[in-house]
Amino acid sequence: MENIENQARELMAKQLVGEASDREKAELEAWLEQAEENRAEWEESRKMLSKVDSYYQEKRFDTNAAWKNVHAQFVPTKKGTVVSLQKKRKEGIATFYKYAAILVVALLLGSVGYYIGFRNQIPAVYSEVISGENQVLQQYVLPDGSVIALNSNSKLTFPKKFKGDVREVSIEGEAFFDVKPNPEKPFVINAGETQVKVLGTSFNVSAYPGDETVEVIVETGKVQVIGKSTEKQTETAEVFLIPGEKGTFFTQNKTLEKSVNADPNFLSWKTHDLIFNKVPLSEVIRCLEKTYHITVDVAEPELNDLLYEGHFDRKPADFVLDVIRLTFNLELTGENEHYTLSGRKNDQ
């Protein structure tokens with residue numbers, strides 16, 4: 001994430017000018033250990049700053065001229081003020097060296113504007129919310145008041161305090177976002193190779209690592225989905241979605257498509273509200289497995305083509321499977337979240 005990279009650069013700048021706290025030094029060391037590239041960037045910056053120190057120590061810049069500019073702002077009226085001015089001169093030159101070094105570091109790291117006021121900023125500290133293999137986190141409140149629900153095997157990364165003019169998070173897995181409106185501060189979600197931007201709305205994002213698609217389905221409001229790495233210039237690089245629409249990013253060919261959402265159960269993992277309108281049993285089973293984190297096998301392949309219609313609102317998995325068994329006169333066996341549906345054998 002770009003903000004995390006900026007945080008590391010700020011820590012480097014503070015360390016180079018001797019203003020890093022013990023906590024910031026530990027954070028910097030942890031970042032340096034993450035990759036060889038990080039260590040290389042640190043060494044290059046340190047060497048360049050050393051050259052800057054040598055440059056100024058050789059007095060190649062006119063300190064007298066700089067002092068005259070400072071001195072002109074004072075009008076000494078008593079002898080006692082001379083000592084004070086001499087002290088101010090030393091402090092002024094030392095400060096000039098210090099901030100010149102900071103500016104050079106900023107230039108080296110390509111973030112001049114970011115560092116101009118870094119002394120008054122606190123580096124962002126990031127948090128993670130992680131759900132287990134069969135765990136659904138129904139509600140988590142973010143620092144801005146937005147509420148998320150996290151499906152199983154998912155991870156949300158976000159700053160402990162949103163700063164600047166954007167609220168930026170990252171998701172691996174699936175989550176439902178109910179974003180608190182703030183026209184001055186858009187909410188941005190990094191999801192795989194896509195980015196989702198909103199002001200205030202509710203929507204579902206599915207971006208499991210390794211999946212062939214990243215999907216965004218809107219429930220309320222308006223959402224912008226951007227493909228970060230679209231290769232074909234003729235393909236759409238961004239789409240705007242309204243309630244009932246779905247944006248799909250195909251990771252293999254880097255294309256982004258908009259369509260009408262035809263799946264009434266896209267939020268069943270969160271709500272346990274299931275609606276089936278004459279759909280094949282194979283699709284019903286797929287939905288049950290995702291919703292209840294169970295495994296359902298079909299003994300005979302032809303059973304997958306049976307069409308089922310029904311509505312279940314917050315019913316347990318055993319109840320739903322038993323209704324399906326009765327509907328098609330099947331046999332249901334299994335326990336410990338592993339079930340099998342099979343055709344009923346004729347009595348001999």
Original post:
Given the residues GLY210, GLY164, GLY192, which is the only one that is touching a strand residue (DSSP E or B) at 6+ places or on another chain (Cβ under 7 Å) and at positive phi?
Top reply: GLY192
Original post:
Does ARG286 satisfy being touching a residue at least 12 places away in the same chain (Cβ under 8 Å), more than 29 Å from LYS180 (Cα to Cα) and either charged (D, E, K, R) or surrounded by 18 or more Cβ atoms within 10 Å (Cβ to Cβ) (or both)?
Top reply: no
Subject >> Residue in the stretch 112-121 that is modelled with pLDDT of 50 or more and either outside any loop (DSSP other than H, G, I, E, B) or surrounded by fewer than 15 Cβ atoms within 10 Å (Cβ to Cβ) (or both) present >> reply: no
**OP:** Collect the residues in the stretch 269-283 that are in contact with a strand residue (DSSP E or B) (Cβ under 6 Å, 6 or more places away or on another chain), open to solvent by less than 30 Å² (accessible area, probe 1.4 Å) and assigned to a helix (DSSP H, G or I), keeping them in residue-number order.
**Re:** LEU281
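Conditions (1) without any contact (Cβ under 8 Å) to a residue 60 or more places away in the chain; (2) buried (at least 21 other Cβ atoms within 10 Å of the Cβ); (3) assigned to a strand (DSSP E or B), marked per residue:
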{"site": "GLU168", "(1), (2), (3)": "no, yes, yes"}
{"site": "GLU172", "(1), (2), (3)": "yes, no, yes"}
{"site": "ALA175", "(1), (2), (3)": "yes, yes, yes"}
{"site": "PRO181", "(1), (2), (3)": "yes, no, no"}
{"site": "GLN195", "(1), (2), (3)": "yes, no, yes"}
{"site": "PHE203", "(1), (2), (3)": "yes, yes, yes"}
{"site": "SER206", "(1), (2), (3)": "yes, yes, yes"}
Subject >> In the stretch 212-232, the residues that are open to solvent by 50 Å² or more (accessible area, probe 1.4 Å) and either closer than 12 Å to THR248 by Cα or not acidic (Asp, Glu) (or both) >> reply: GLU212, GLU215, THR220, LYS222, LYS228, LYS232
**OP:** Quick one: count up the residues across the stretch 254-268 that are without any contact (Cβ under 8 Å) to a residue 40 or more places away in the chain, buried (at least 18 other Cβ atoms within 10 Å of the Cβ) and part of a loop (DSSP other than H, G, I, E, B).
**Re:** 1
**OP:** Considering only the stretch 333-348, state which residues are touching a helix residue (DSSP H, G or I) at 6+ places or on another chain (Cβ under 8 Å) and either open to solvent by 50 Å² or more (accessible area, probe 1.4 Å) or at positive phi (or both).
**Re:** GLU337
**OP:** Could you tell me which residue of the stretch 317-329 is farthest from VAL296 (Cα to Cα), considering only residues that are open to solvent by less than 80 Å² (accessible area, probe 1.4 Å) and within 41 Å of the chain's Cα centre (by Cα)?
**Re:** VAL323
**OP:** Read through the list (1) more than 27 Å from ASP178 (Cα to Cα); (2) at pLDDT 95 or above, then give the number of the only condition that ASN346 fails.
**Re:** (2)
Original post:
Mind checking which pairs have a first residue in the stretch 305-327 that is more than 17 Å from PRO280 (Cβ to Cβ) and a second that is part of a loop (DSSP other than H, G, I, E, B) and open to solvent by less than 80 Å² (accessible area, probe 1.4 Å), Cβ under 6 Å, 6 or more apart or different chains?
Top reply: ARG314/HIS272; ALA317/ILE294
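The values are calculated or read from the model by the stated rules, or taken from the named source; none is laboratory data. Nothing here was measured: the structure is a model prediction, and the numbers come from that model. Positions of Cβ are backbone-derived with ideal geometry, glycine not excepted, and every protein chain shown enters the neighbour counts. Please note that ligands, DNA and RNA were not included when accessible areas were found on the heavy atoms of the full protein model with its side chains. Shrake-Rupley method; radii C 1.70, N 1.55, O 1.52, S 1.80 Å.
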